[in-house]
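Structure first, then comments.
The values are calculated or read from the model by the stated rules, or taken from the named source; none is laboratory data. Remember, predicted model here, so these are calculated numbers, not experimental data. With ideal geometry, Cβ positions are generated from the backbone for all residues, glycine too; neighbour counts draw on all protein chains shown.
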Amino acid sequence: DSKVDNPGFDDLYKVGTVADIIKVLELPDNTTNVILRGRSPFKLNSIHATEPYLRGSITTLEEIRPIAKDKEFRVLMSSIKDVTHQILKTLGEGANELAFAVKNIDSNEYLINFLTTNMPFEPHKKQEMLEERDVKKRAYLLFAALSKEAQLVELKANITSRTREDLSQQQREHFLQQQIRTIQEELGNGEDDIQQLYQRSKSKNWNENVQKQFEKELKKLERYNPQSPDYSVQFSYLDNLLNLPWDDTTKDNISLKKVSAQLNKDHFGLEKVKERILEHLAVLKLRGDLKAPILCLYGPPGVGKTSLGRSIAKSINRKYARISLGGLHDESEIRGHRRTYIGAMPGRILQAMAKCGANNPVIVLDEIDKVGSDFKGDPSSALLEVLDPEQNSHFHDNYIDIDYDLSKVLFIATANSLQTISRPLLDRMEIIEINSYTMEEKVEIAARHLVAKQLEENGFEPKEVSISKPTLAKIIQNYTRESGVRDLEKKIGKILRK
């Protein structure tokens with residue numbers, strides 16, 4: 001499966017070809033071409049190593065060849081040559097090189113393998129031929145595939161001919177659309193995709209503007225050839241439009257006692273911070289909206305700013321997403337890229353919304369103080385629109401090109417420093433400072449959370465290893481120099497692995 005990044009034994013075909021590497025070519029566009037010469041087929045028995053590349057054990061397979069006087073095989077090969085010449089003749093000058101190669105092949109077995117490799121068959125069909133060890137049976141499979149290909153090539157030529165008959169000087173600009181319609185009438189390509197998109201849209205309870213935009217873009221898709229790049233771009237846009245949670249809302253379960261219990265379970269200390277978070281959620285419970293300022297948790301690394309957002313989402317039954325803003329310089333990362341650009345996609349905000357599948361998640365904007373600006377724009381200005389309660393109900397993403405309502409999202413920002421945050425952005429947030437942990441707090445956090453977490457991650461049962469509080473205090477005092485507990489957790493893990 002080409003979509004699997006790290007394939008294992010179950011992801012690979014079990015029959016392949018042993019080949020010699022003839023030449024490796026480094027191309028100017030930073031891609032590599034490798035020229036191979038096949039030697040023999042093999043069966044894959046097992047994979048015993050994955051680094052630095054896949055290595056395994058194989059068994060070489062023997063071919064079952066027909067006898068020299070097999071008349072049936074000779075007639076079959078003659079038929080294969082005839083249908084191959086028919087295809088190449090229909091293709092015309094574009095197939096001259098392939099026709100020359102076929103003409104100069106004397107070996108029947110080599111011709112079968114050559115056509116299997118070089119004709120435009122689907123990968124699974126080529127694999128089926130490769131796995132067939134009987135040469136005569138493989139020839140029959142090849143003849144069937146060639147016959148089908150000959151019909152498709154002839155049909156395409158007829159479609160082109162019929163379309164050109166209706167062509168006039170005034171109709172020239174419509175030629176491509178006529179050809180696409182004719183192809184779709186004959187083969188029906190693309191109809192399943194379009195019907196699938198239409199069926200998905202029926203379940204959406206979106207407003208009239210979004211519905212009109214979807215119908216307009218769907219009509220464009222119907223006019224495109226399913227094999228053209230424009231079809232893929234248009235399909236991706238409509239798919240992204242449908243993936244957004246326009247009306248999917250998770251039901252809030254805001255119990256201040258439950259929130260308080262969850263925060264105390266996940267975080268030791270931070271009493272003032274927890275108190276302000278509870279106040280913020282109490283207002284949300286009473287009002288039902290989020291007109292209050294966005295919370296910005298400010299403090300040194302490792303004191304639990306990011307994990308607080310996850311705890312809040314868990315306690316009020318909302319989806320959670322984290323967007324890392326560190327080193328962000330391009331405004332398009334927030335607002336999305338216009339569809340005129342190659343590889344365009346929605347911005348990080350709408351990507352997070354689609355991933356959550358709900359229009360009221362908790363989104364943590366991590367390291368908002370690390371946002372920069374250059375010639376590509378100022379991401380801070382886009383964040384102003386995201387975080388302003390008066391504007392974010394009509395957030396405009398350049399890719400989707402329709403206003404999207406972010407007013408139900410609970411945004412929480414985190415920062416290590418306030419000096420690099422722009423003043424307008426700072427004004428839209430309520431700063432909650434999280435101070436460095438004291439020695440006693442670090443010891444309690446390690447004893448309650450970090451040791452248990454590292455025991456689990458390193459394969460220990462809770463009762464197998466224990467670390468006393470005096471020992472933890474000694475580790476903190478002599479081996480860590482930090483405001484938070486991130487390095488302390490690493491040191492505990494290192495000790496457990498010794």
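Details
- Test for Leu270: is it more than 34 Å from the chain's Cα centre (by Cα) and either modelled with pLDDT of 85 or more or of a type in the set (A, V, I, L, M, F, W, C) (or both): yes
- When each of Thr90, Thr84 is tested for being over 30 Å from Leu12 (Cα atoms) and touching a Leu at 6+ places or on another chain (Cβ under 9 Å), the lone residue that passes is Thr84.
- Meets criteria (in contact (Cβ under 8 Å) with a residue 40 or more places away in the chain, in contact with a helix residue (DSSP H, G or I) (Cβ under 9 Å, 6 or more places away or on another chain) and more than 30 Å from Thr438 (Cα to Cα)) for Lys251: no
- Taking the listed residues Leu365, Leu384, the one that is surrounded by 14 or more Cβ atoms within 10 Å (Cβ to Cβ) and at pLDDT below 90 is Leu384, with no other qualifying.
- Some residue of the stretch 485-494 being under 20 Å from Lys274 (Cα atoms), of a type outside the set (Asp, Glu) and either modelled with pLDDT of 85 or more or assigned to a loop (DSSP other than H, G, I, E, B) (or both): yes
- Checklist (1) surrounded by fewer than 20 Cβ atoms within 10 Å (Cβ to Cβ); (2) β-branched (Val, Ile, Thr); (3) touching a helix residue (DSSP H, G or I) at 6+ places or on another chain (Cβ under 9 Å) applied to Val283, failing item: (3)
- Among (1) more than 15 Å from Ile432 (Cα to Cα); (2) touching a strand residue (DSSP E or B) at 6+ places or on another chain (Cβ under 8 Å) - the single one Leu297 does not satisfy: (1)
- Within the stretch 312-333, being out of contact with any strand residue (DSSP E or B) (no Cβ under 9 Å at 6 or more places or on another chain) and either within 22 Å of Glu217 (Cβ to Cβ) or crowded, with 17+ Cβ neighbours inside 10 Å (or both) holds for Ser315, Leu328, Glu333.
- For the residues Ser228, Ser203, the requirement of being within 30 Å of Ile316 (Cβ to Cβ) and outside the structural domain of Val443 (by TED's automatic domain parsing) singles out Ser203.
- Contact map, the stretch 100-129: first residue over 19 Å from Val15 (Cα atoms) and assigned by TED's automatic domain parsing to the domain that holds Lys89, second residue among the aromatic types (Phe, Trp, Tyr) and assigned to a helix (DSSP H, G or I), Cβ cut-off under 8 Å, separation 6 or more or different chains; pairs are Ala101/Phe114; Val102/Phe114; Ile105/Phe114; Asn108/Phe73.
- Close pairs (7 angstrom Cβ cut-off, 6 or more residues apart or separate chains): under 17 Å from Pro470 (Cα atoms) and of a type in the set (Val, Ile, Thr) in the stretch 436-459, at pLDDT 80 or above and part of a helix (DSSP H, G or I) anywhere: Val443/Lys469; Val443/Leu472; Val443/Ala473; Val443/Ile476; Val451/Ile492
- Only one entry of Ala473, Ala447, Ala415 meets the criterion of being buried (at least 20 other Cβ atoms within 10 Å of the Cβ), closer than 30 Å to Gly493 by Cα and out of contact with any His (no Cβ under 7 Å at 6 or more places or on another chain), and that entry is Ala415.
- Residue count, the stretch 429-444 (criterion: of a type outside the set (Asp, Glu), modelled with pLDDT under 80 and within 20 Å of Ile277 (Cβ to Cβ)): 2
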